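S.K.: Questions regarding the structure given below will be posed in turn.
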Amino acid sequence: MAARVCLGHGQRVVAGLGTVTRATHSSVPRAEYDAVIIGGGHNGLVASAYLQKGGLKTAVLERRHVLGGAAVTEELFPGFHFSRASYLLSLLRPHIYQDLELKKHGLRVFMRDPHAFTPMLEEGLDGRPPRSLLLGADVTKNQEEISKFSKKDAQEYLSFLQHLEKLACAVHPLLDAPPVDVPRVTEGSLWRRLAALQSLRPLIRSGLKLGKNIPDFYELVTAPIMKVLNRWFESEPLRATLATDSVIGAMTSPSTPGSGYVLLHHVMGELGREKGAWGYVEGGMGGVSKAIANSARALGADIFTEQSVDKVLVGSDGRAQGVVLQNGTEVRSKVVLSNATPYVTFTQLTPQESLPSEFLKAINQIDYTSPVTKINVAVDRLPNFLAAPNVAEGVAGPHHQCSIHLNCESVEVLEEAYRECQQGRPSSRPMLEMTIPSVLDSSLAPPGCHVVSFFTQFTPFTLEGGRPWSEQDKQDYANNVFDWVEKYAPGFKSSIVGTDILTPPDLERVFGLTGGNIFHGAMSLDQLYLARPLPSMADYRSPIRGLYLCGSGNHPGGGVMGSAGWNSALTVLADMKRG
């Protein structure tokens with residue numbers, strides 16, 4: 001590992017020149033397994049642990065040098081360790097945490113309270129700093145903060161959160177089970193259909209939990225989120241801060257129908273039994289992947305890096321029989337699970353002649369549009385915000401641990417950023433979510449230095465006229481982001497010592513995220529539950545017997561850590577039992 005030294009002030013490097021910490025060693029898989037999993041993302045690792053628990057000798061084959069898919073930690077510059085793609089932990093289902101003994105296997109999480117900070121870009125009055133909005137778990141403090149902008153909103157905020165929590169809790173049963181098995185419920189023998197009715201239980205439980213709130217739930221997931229927020233609140237900074245969770249990672253605007261579901265998706269999370277909580281993993285997001293891998297290995301799974309799969313082997317009987325690696329090695333298995341996106345799985349890894357043409361046509365129509373450019377920045381000092389000046393040099397305030405929302409003074413700012421992207425132009429005033437995990441986890445950066453993450457929107461996959469991103473385009477966009485940060489925190493630009501810029505094409509190239517989409521497919525209403533990834537295969541099974549999907553392209557979608565892996569493993573084990 002490189003020495004933990006901070007680069008000299010004013011020196012700047014680009015990603016790729018530093019060293020990268022490897023999470024696991026690479027070795028050679030044996031010739032035959034019960035189950036082979038393509039891709040060592042968190043869902044693939046979870047699936048491997050449960051399959052191994054179920055008695056199937058399982059191998060995970062990861063093409064990169066590091067495990068975790070998008071949930072990785074990489075040392076991009078000497079001493080600076082970044083959660084390079086995914087950057088916050090929540091939505092890790094409690095039963096997975098307990099079943100796999102993740103705490104025992106090294107998972108540690110720094111909880112954040114407060115959790116949201118929105119500084120205003122305005123002149124302070126009477127020598128005071130500009131206003132800001134700081135939100136956390138303390139109800140009284142939240143009311144004090146919101147009352148800077150609206151006393152009415154301050155009184156309504158707690159009721160709003162309780163309302164959302166009611167709706168979110170009702171969805172939990174759906175996260176922990178495959179969707180309703182429609183073919184088995186409607187076809188086959190009476191005995192088979194009666195047995196399949198068990199798959200209706202989670203849906204019934206959700207309906208019972210919602211009760212009289214079913215109309216509210218329906219409105220939230222189908223309406224533009226602004227229709228809901230405008231009914232509850234009047235202050236722009238609060239509405240804009242809440243609206244960011246309705247568009248985060250999605251090529252949509254707060255005024256787009258269905259944007260409310262993405263907000264609910266983010267409220268559904270929990271950590272340590274705290275609802276809606278998001279935290280920093282000790283050592284970066286690679287820490288959660290490492291803990292899951294440690295658990296899977298302890299159960300007997302074989303996990304390999306730098307083993308890129310070239311194609312799925314399909315026998316003359318139409319069954320998956322294993323995989324062929326890019327070096328030509330065959331690894332035989334009874335079943336194959338793919339943690340890649342549906343697009344990669346079926347258009348690049350599966351023999352095309354083995355798939356129906358109508359199925360391939362449908363796969364090519366899945367929406368993978370992404371607005372995200374992730375920028376990782378190494379800095380040699382703590383940012384100092386005009387709205388919340390540092391009390392002393394290098395001393396972090398409560399706001400530094402938050403998701404820091406910049407360019408969120410009003411919803412119209414977000415709408416304009418979206419409109420520009422629709423024209424093929426990166427937003428000139430982008431929506432920025434800034435996090436500084438090193439204020440809670442000092443292991444991520446050298447003393448006095450910090451790692452800063454920017455989750456930015458809106459940026460297109462290709463630029464105006466279909467032009468691909470050039471290195472200069474990437475740098476120009478990043479410089480514009482830094483110019484905006486400078487307005488809120490003067491001196492930020494001069495503190496930068498390293499940058500790593502990941503546009504949508506980069507996210508696709510590096511992490512295998514089709515279209516750069518962090519969810520393995522848009523979380524739109526036409527691509528959820530029974531229709532994820534397609535209505536014909538919402539049960540994790542593919543048209544090829546023995547080939548399954550286990551990634552976020554399936555129900556319940558991206559962000560719900562491990563659930564697709566858990567559900568797919570249960571499906572495989574049930575199929576193996578039935579023979």
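The values are calculated or read from the model by the stated rules, or taken from the named source; none is laboratory data. Note that this is a predicted model, so its numbers are computed, not measured. When we count neighbours, we look across all protein chains shown, and the Cβ atoms used for this are built from the backbone with ideal geometry, even at glycine. Quick note on the areas: whole protein, heavy atoms, side chains included, nothing else; ligands and nucleic acids left out. Shrake-Rupley method; radii C 1.70, N 1.55, O 1.52, S 1.80 Å.
S.K.: Can you tell me which residue in the range 511-550 is modelled with the lowest pLDDT, limited to those that are open to solvent by 30 Å² or more (accessible area, probe 1.4 Å) and outside any loop (DSSP other than H, G, I, E, B)?
M.R.: Filtering the range 511-550 for residues that are open to solvent by 30 Å² or more (accessible area, probe 1.4 Å) and outside any loop (DSSP other than H, G, I, E, B), the one modelled with the lowest pLDDT comes out as Ser536.
S.K.: Hey, does the range 480-492 have a residue that's of a type outside the set (Val, Ile, Thr), in a helix (DSSP H, G or I), at pLDDT 95 or above and touching a Gly at 6+ places or on another chain (Cβ under 8 Å)? Reasoning before the result, please.
M.R.: At the first step, the residues of the range 480-492 found to be of a type outside the set (Val, Ile, Thr) are 480, 482-484, 486-492.
This time we only want the ones that are in a helix (DSSP H, G or I), so: 480, 482-484, 486-488, 492.
Adding the requirement that they be at pLDDT 95 or above leaves 480, 482-484, 486-488, 492.
Right, trim to touching a Gly at 6+ places or on another chain (Cβ under 8 Å) and you get none.
No, that holds for no residue.
S.K.: I need the full set of residues from the range 14-68 which are modelled with pLDDT under 85, out of contact with any His (no Cβ under 6 Å at 6 or more places or on another chain) and under 30 Å from Gln475 (Cα atoms), in order please. Steps first, please.
M.R.: At the first step, the residues of the range 14-68 found to be modelled with pLDDT under 85 are 14-31.
If we keep only those that are out of contact with any His (no Cβ under 6 Å at 6 or more places or on another chain) as well, we get 14-21, 23-31.
Of everything in the range 14-68, those that are modelled with pLDDT under 85, out of contact with any His (no Cβ under 6 Å at 6 or more places or on another chain) and under 30 Å from Gln475 (Cα atoms) turn out to be Val14, Ala15, Gly16, Leu17, Gly18, Thr19, Val20, Thr21, Ala23.
S.K.: Assuming Ile292 fulfils every condition listed in (1) farther than 16 Å from Ala59 by Cβ; (2) buried (at least 24 other Cβ atoms within 10 Å of the Cβ) apart from one, which condition is it?
M.R.: Result: Ile292 fails condition (1) only.
S.K.: What about Leu440, is it open to solvent by 20 Å² or more (accessible area, probe 1.4 Å), within 23 Å of the chain's Cα centre (by Cα) and either free of Cβ contacts under 8 Å to residues at least 12 places away in the same chain or within 25 Å of Ala388 (Cβ to Cβ) (or both)? Talk me through it step by step, then tell me what you get.
M.R.: Details: open to solvent by 20 Å² or more (accessible area, probe 1.4 Å): yes; within 23 Å of the chain's Cα centre (by Cα): yes; either free of Cβ contacts under 8 Å to residues at least 12 places away in the same chain or within 25 Å of Ala388 (Cβ to Cβ) (or both): yes.
Judged against the criteria, Leu440 is a match.
S.K.: With the structure loaded, tell me whether Ser27 is surrounded by fewer than 21 Cβ atoms within 10 Å (Cβ to Cβ), of a type in the set (Ser, Thr, Tyr) and either out of contact with any Cys (no Cβ under 9 Å at 6 or more places or on another chain) or over 25 Å from Val572 (Cβ atoms) (or both) or whether it fails that test.
M.R.: Yes, satisfied.
Results for (1) of a type in the set (Val, Ile, Thr); (2) at pLDDT 95 or above, shown as yes or no for each residue.
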| site | (1), (2) |
| --- | --- |
| Pro371 | no, yes |
| Lys374 | no, yes |
| Val377 | yes, yes |
| Arg381 | no, yes |
| Val391 | yes, no |
| Val395 | yes, no |
| Cys402 | no, yes |
| Cys408 | no, no |
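S.K.: Among the residues of the range 421-472, count how many are part of a strand (DSSP E or B) and touching a helix residue (DSSP H, G or I) at 6+ places or on another chain (Cβ under 9 Å). Give the steps one after another, and end with the answer.
M.R.: Filtering the range 421-472 for residues part of a strand (DSSP E or B) gives 431-435, 450-457, 463, 467.
Going one step further and asking which of them are touching a helix residue (DSSP H, G or I) at 6+ places or on another chain (Cβ under 9 Å), we end up with 431-435, 450-454, 456-457, 463, 467.
Total satisfying the criteria: 14.
S.K.: Right, something else. So Ile375 ticks every box in (1) surrounded by 21 or more Cβ atoms within 10 Å (Cβ to Cβ); (2) more than 19 Å from the chain's Cα centre (by Cα) but one. Which box is left unticked?
M.R.: (2)
S.K.: Of the residues Val324, Val344, Val336, only one is farther than 23 Å from Trp278 by Cβ and without any contact (Cβ under 8 Å) to a residue 60 or more places away in the chain; which?
M.R.: Numbers: Val344 fails: without any contact (Cβ under 8 Å) to a residue 60 or more places away in the chain; Val336 fails: without any contact (Cβ under 8 Å) to a residue 60 or more places away in the chain.
From the options Val324, Val344, Val336, the qualifying one is Val324.
S.K.: Shifting gears a bit: When you go through (1) in contact with a Pro (Cβ under 6 Å, 6 or more places away or on another chain); (2) under 27 Å from Pro505 (Cα atoms) one by one for Val411, which number turns out not to apply?
M.R.: Every condition holds for Val411 apart from (2).
S.K.: Scan the range 351-370 and report the pairs whose first residue is within 18 Å of Asp317 (Cβ to Cβ) and whose second residue is open to solvent by 60 Å² or more (accessible area, probe 1.4 Å) and modelled with pLDDT of 95 or more, with Cβ atoms within less than 7 Å and a gap of 6+ or a chain change.
M.R.: Pro351/Lys311; Leu355/Pro543; Pro356/Pro543
S.K.: For the subset of the range 455-473 comprising residues that are open to solvent by less than 40 Å² (accessible area, probe 1.4 Å) and touching a residue at least 60 places away in the same chain (Cβ under 8 Å), which member is nearest to the chain's Cα centre (by Cα)?
M.R.: Phe455
S.K.: Output the number of the condition that Glu420 fails; it satisfies all remaining conditions of (1) modelled with pLDDT of 95 or more; (2) more than 24 Å from Val247 (Cβ to Cβ).
M.R.: (2)
S.K.: For the range 297-352, what are the residues that are in a helix (DSSP H, G or I) and of a type in the set (A, V, I, L, M)?
M.R.: So in the range 297-352, the residues in a helix (DSSP H, G or I) come out as 297-299, 342-349, 352.
Hits for the range 297-352 are Ala298, Leu299, Val344, Leu349.
S.K.: Another question about this same structure. Can you pull out the helices (runs of 4 or more DSSP H) entirely within the range 207-268 that have at least 1 residues that are more than 30 Å from Gly515 (Cα to Cα)? Lay out the reasoning, then the answer.
M.R.: Numbers: elements: 214-222, 225-232, 236-247, 259-267.
Per the criteria, 214-222, 225-232, 236-247.
S.K.: Can you tell me which residue in the range 378-394 is most open to solvent (accessible area, probe 1.4 Å), limited to those that are closer than 16 Å to Ala445 by Cβ and among the small types (Gly, Ala, Ser)?
M.R.: My answer is Gly394.
S.K.: Checking the structure you have, find out if any residue of the range 388-411 is in a helix (DSSP H, G or I) and in contact with a Phe, Trp or Tyr (Cβ under 7 Å, 6 or more places away or on another chain). Explain how you work it out, then say what you get.
M.R.: Here is the first cut: in the range 388-411, the residues in a helix (DSSP H, G or I) are 398-401, 411.
Among the residues that remain, those that are also in contact with a Phe, Trp or Tyr (Cβ under 7 Å, 6 or more places away or on another chain) are: 399.
Yes - at least one qualifying residue is present in the range 388-411.
S.K.: Please specify each residue of the range 106-147 satisfying the condition of being surrounded by fewer than 23 Cβ atoms within 10 Å (Cβ to Cβ) and among the polar types (S, T, N, Q).
M.R.: Ser132, Thr140, Asn142, Gln143, Ser147
S.K.: Being among the hydroxyl-bearing types (Ser, Thr, Tyr) and in contact with a strand residue (DSSP E or B) (Cβ under 7 Å, 6 or more places away or on another chain) is the filter; apply it to the range 351-402 and report the residue that is farthest from Ala250 (Cα to Cα). Full working, then the answer.
M.R.: To start, the set of residues in the range 351-402 that are among the hydroxyl-bearing types (Ser, Thr, Tyr) comprises 354, 357, 368-370, 373.
Remaining after also requiring in contact with a strand residue (DSSP E or B) (Cβ under 7 Å, 6 or more places away or on another chain): 354, 373.
Numbers: Ser354: 33, Thr373: 12 Å.
My answer is Ser354.
S.K.: Evaluate the following for Ile501: is it among the aliphatic types (A, V, I, L, M), surrounded by 17 or more Cβ atoms within 10 Å (Cβ to Cβ) and more than 22 Å from Ala396 (Cα to Cα)?
M.R.: On the way: among the aliphatic types (A, V, I, L, M): yes; surrounded by 17 or more Cβ atoms within 10 Å (Cβ to Cβ): yes; more than 22 Å from Ala396 (Cα to Cα): yes.
So Ile501 fits the description; yes.
S.K.: Could I ask something else about it? Please determine, by comparing only the residues of the range 308-319 that are open to solvent by 20 Å² or more (accessible area, probe 1.4 Å) and not hydroxyl-bearing (Ser, Thr, Tyr), which one is farthest from Phe346 (Cα to Cα).
M.R.: Applying the first criterion (open to solvent by 20 Å² or more (accessible area, probe 1.4 Å)) to the range 308-319 yields 308, 310-311, 313-314, 316-319.
From what is left, the residues that are not hydroxyl-bearing (Ser, Thr, Tyr) are 310-311, 313-314, 317-319.
Numbers: Asp310: 12, Lys311: 10, Leu313: 12, Val314: 12, Asp317: 18, Gly318: 15, Arg319: 15 Å.
Looking at the filtered set, the residue picked out is Asp317.
S.K.: Let me ask something else about it. Please verify whether the range 91-105 includes one or more residues that are at positive phi and either modelled with pLDDT of 95 or more or open to solvent by 50 Å² or more (accessible area, probe 1.4 Å) (or both).
M.R.: yes
S.K.: Could I ask something else about it? Can you pull out the residues in the range 540-579 that are in contact (Cβ under 8 Å) with a residue 60 or more places away in the chain and of a type in the set (A, V, I, L, M)?
M.R.: Within the range 540-579, Ile544, Leu547, Leu549, Val560, Met561, Ala564, Ala569, Leu570, Val572, Leu573, Met576 qualify.
S.K.: In the list Leu229, Leu242, Leu194, which residue meets the criterion of being farther than 23 Å from Ala531 by Cβ and loosely packed, with under 14 Cβ neighbours inside 10 Å?
M.R.: Details: Leu229 fails: loosely packed, with under 14 Cβ neighbours inside 10 Å; Leu242 fails: loosely packed, with under 14 Cβ neighbours inside 10 Å.
On inspection, the qualifying residue turns out to be Leu194.
S.K.: Quick one: what pairs do we get from the range 184-206, first residue hydroxyl-bearing (Ser, Thr, Tyr), second surrounded by 12 or more Cβ atoms within 10 Å (Cβ to Cβ) and at pLDDT 80 or above, C-beta under 7 Å, 6+ apart or different chains?
M.R.: Ser199/Pro178; Ser199/Val180; Ser206/Ala170; Ser206/Val171; Ser206/Pro173; Ser206/Leu174
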